[in-house]
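The values are calculated or read from the model by the stated rules, or taken from the named source; none is laboratory data. Everything quoted here is computed from the prediction, not taken from an experiment. Methodologically, a virtual Cβ is constructed for each residue, glycine included, from the backbone with ideal geometry; neighbour enumeration extends over all protein chains shown.
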């Protein structure tokens, strides 16, 4: 697979199909089903850079068809830093952004902004240093907090079980 196709694959893999967040979360006790950790790596033909994506989606159905949220970690062999990509569900109050916690510990006191919203979700992309990667490895879950248009807070817990093992497979 050439480099441009690989980057395109990684880019499109974070654009997932999801149902409206407001519809799927009308019942506050909705159940979330975790998908598997998925990895994809490619090497640039121009500079031999290895670029990898590790992602996990959370679903609102047992058949794992309706994606609610997807998190992704993108690495590049020439950098110690990594990019965290989050595809959030539609139907959230975009001005409020998304609050991110590792277990109960906030990553930041401020919410993270959405960069763009498409028909399949709102995307947040953040460049992090290795210290944040250690939090991914140690935490049990990544807790995302959204606000619906009627000012209801909704939390989504993304299990980080298996993250360390899956991340190690990228090397």
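Is it the case, given these coordinates, that residue 44 is closer than 16 Å to residue 120 by Cβ and touching a residue at least 12 places away in the same chain (Cβ under 8 Å)? No; evaluated as a whole, the condition is false for this residue.
Against the condition within 15 Å of the chain's Cα centre (by Cα) and modelled with pLDDT under 90, how does residue 86 come out, does it pass? Against the criterion (within 15 Å of the chain's Cα centre (by Cα) and modelled with pLDDT under 90), residue 86 does not qualify. Sub-6 Å Cβ pairs linking a first residue in the range 80-97 that is without any contact (Cβ under 8 Å) to a residue 40 or more places away in the chain to a second residue that is assigned to a loop (DSSP other than H, G, I, E, B) and buried (at least 19 other Cβ atoms within 10 Å of the Cβ), at least 6 apart or interchain, are 94/114, ordered by first then second residue.
The one condition from (1) out of contact with any strand residue (DSSP E or B) (no Cβ under 8 Å at 6 or more places or on another chain); (2) surrounded by fewer than 17 Cβ atoms within 10 Å (Cβ to Cβ); (3) in a loop (DSSP other than H, G, I, E, B) that residue 131 does not meet is (3).
Being farther than 19 Å from residue 170 by Cβ and either in contact with a strand residue (DSSP E or B) (Cβ under 8 Å, 6 or more places away or on another chain) or at pLDDT below 90 (or both) holds for only one residue in 76, 66, 50, and it is 66.
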